[in-house]
Amino acid sequence: MQDSPSEFRRAARINGIEISQIVQISETAAQMRADGHDVVALSTGAPDFPTPDFVIQAAHNAALAGQTGYTATAGTNQLRDEIAAQSHVTRAHVIVSTGAKQVLANAMLATLNDGDEVIIPTPYWTSYSDIVTMAGGTAVTVPCPMSQGFKLTPEDLEKAISPKTRWLMLNSPSNPSGAIYTEGEIRALAQVLANHPHVWVLADEIYEHLSYVPFTSFAVAAPELASRTLIVNGVSKAWAMTGWRIGWGIGPAPLIRAMIAVQGQVTSGACSISQAAALAALTGDRKLLSDRLQDFDARRKLVVGGLNAMAGITCPEPDGAFYVFPNIEGMMAKGGFETCTDACNWLLEKAHVAIVPGAAFGLPGHVRISFAYGQDDLNEGLTRMASALKKLR
């Protein structure tokens, strides 16, 4: 039986919120493959490496040992203690969640009242603004163009702060641009925030171990703001554990308690087996991380070089993560595309290459291409793009 329109009323808090454009593009590419098309998808942020064997073995051992029940809402003591030890805090400052995304949602739901503002440098990961909106807040996006390295300046931060500002969301290394804030740049932002004690900092550092230049955590660069800083991290990216769904937040104990209260009414806590796996990842041999970083670095150089050889595309070299965020305005002008979304749709249709338009990240005129894929896929995708672009007039 088909529902009539009168039988469903969408909540106002999710007006305008849909599945992210990244997921939509990935699902379209998957459907095209199912329909028999040979599609190269360079659209998602999931490493092609397997989860390490020792991590899988730890999960297996935990299951055999009967660690299959509920854990404490905030996470197992063993995992929280390890995260705390590596961050030089205590367990009371740590929450383990079902992925870093839930940490973000917990924080916003626990702190935002209707109309509270959250400053989000643009380009930003697509879920940031939607999570803020769902929590009743207002996303205040601040354009950070390629000319300034896709980074927020102290001057722009100062202009964006108002009496309603509750948070600054800072993502370093960045998705989608790969930008990393230097210690000096963080210090400069911290100096602005020192004059606005009502503004807290959410530093999303999920790509910490995917840095091709020196990385400095916000907590290390600005320790004087520790009482109003939340660090977000997890095992999804560096350890290739996206499906295990484990992330964590490190912050002031009162904030963590509020986030635990939210989590207790949403998931009750993260998967017990996944937490055992994450503990093994954090305590295991990290040579694997440096080895994989070298591989990602080779892919980074391959993609940057390939894109910059194409007319109409300018691709800066990212400092971290596994994305490039090139400017394609020249390509758009040459092909008569009104938007970067139109250009991406054309590439998917004509070249069977799936990439994500910059509009999804709040900065049109760009695209995001993931190099979390093997070199064969990357080479094929670049070859198809180059061939398609040569046909533009």
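The values are calculated or read from the model by the stated rules, or taken from the named source; none is laboratory data. This is a predicted model, so every value here is computed, not measured. Neighbour counts are summed over all protein chains in view; Cβ atoms, including those assigned to glycine, are modelled from backbone coordinates with ideal geometry. Ligands, DNA and RNA are stripped out before the accessible areas are found, and what is left, the full protein with its side chains, is counted by its heavy atoms. Shrake-Rupley method; radii C 1.70, N 1.55, O 1.52, S 1.80 Å.
For the chain, the relative contact order comes to 23 percent (Cα pairs under 8 Å, sequence separation of at least 6). Let me have the relative contact order for the stretch 155-245, percent, based on Cα pairs under 8 Å that are six or more residues apart. Worked out over the stretch 155-245, it gives 30 percent.
In the structure displayed, which of 151/287; 301/334; 237/287; 301/391 lie more than 19 Å apart, Cα to Cα?
151/287; 301/334; 301/391
The order of the peptides 175-185, 299-309 by mean Cβ neighbours within 10 Å, most packed first, is 175-185, 299-309. Over the chain, dividing the summed -39,500 (n - 2.57) contributions of all DSSP H runs of at least 4 residues by the number of residues returns a 222 nm mean residue ellipticity of -12500 deg cm²/dmol. Calculated over the stretch 56-99, the projected area of the Cα convex hull averaged across directions stands at 3.6 nm².
Based on Cα contacts under 8 Å between residues 6+ apart, the stretch 109-175 shows a relative contact order of 42 percent. Considering only protein heavy atoms and a 1.4 Å probe, what is the carbon-and-sulfur percentage of the accessible area of the stretch 192-242? On the stretch 192-242, the fraction of accessible area on carbon and sulfur atoms equals 59 percent. Peptides 280-290, 134-144, 95-105 ranked from most to least packed give 95-105, 134-144, 280-290, packing being the mean of other C-beta atoms within 10 angstrom over each peptide's residues. Given R0 = 56 Å, the distance between the Cβ atoms of residue 383 and residue 60 translates into a calculated FRET efficiency of 0.85. Computed over neighbours whose Cβ is under 12 Å from that of residue 121, the net charge equals -2, Lys and Arg +1, Asp and Glu -1. Between 107, 34, 219, the residue with the greatest mean-square fluctuation in the GNM of the chain (Cα pairs under 10 Å linked by springs) is 34.
Surface composition of the stretch 307-393: carbon plus sulfur atoms hold 47% of the accessible area, using a 1.4 angstrom probe and ignoring ligands, DNA and RNA.
Derived value for the chain: Kirkwood hydrodynamic radius 22.0 Å. Basis is the mean of 1/r over every pair of different alpha-carbon atoms. Taking each residue as 0.36 nm, the span from residue 302 to residue 17 lengthens on full extension beyond its C-alpha to C-alpha distance by 99.1 nm.
Here the Debye sum runs over all C-alpha atoms of the stretch 119-205 as equal scatterers in vacuum, and log10 of I(q)/I(0) at q = 0.14, 0.15, 0.19 Å⁻¹ comes out as -0.43, -0.50, -0.83.
Full extension of the chain between residue 390 and residue 317 yields a length gain of 24.0 nm, computed as 0.36 nm times the residue separation minus the alpha carbon distance.
For the stretch 1-142, which whole-number percentage of the solvent-accessible area (1.4 Å probe, protein heavy atoms only) is attributable to carbon and sulfur atoms? C and S atoms contribute 51 percent here.
Can you give the FRET efficiency for residue 24 and residue 265, using 1/(1 + (r/R0)^6), R0 = 22 Å, r = Cβ-Cβ distance, to the nearest 0.05?
With R0 = 22 Å, the Cβ-Cβ based efficiency is 0.15.
Normalised radius of gyration (Cα atoms, divided by 2.2 N^0.38 Å) for the stretch 295-393: 0.97. Per residue, the chain exposes 43 Å² of accessible surface when a 1.4 Å probe is rolled over the protein heavy atoms with every protein chain present. As a ratio to 2.2 N^0.38 Å, the alpha-carbon radius of gyration for the stretch 253-342 is 1.76. What the Cα convex hull of the stretch 186-329 gives, in volume per residue, is 162 Å³. Legend: P(r) of the stretch 76-234 from all alpha carbon pair distances, 10 Å bins from 0, whole percents, reading 11, 41, 39, 9, 0.
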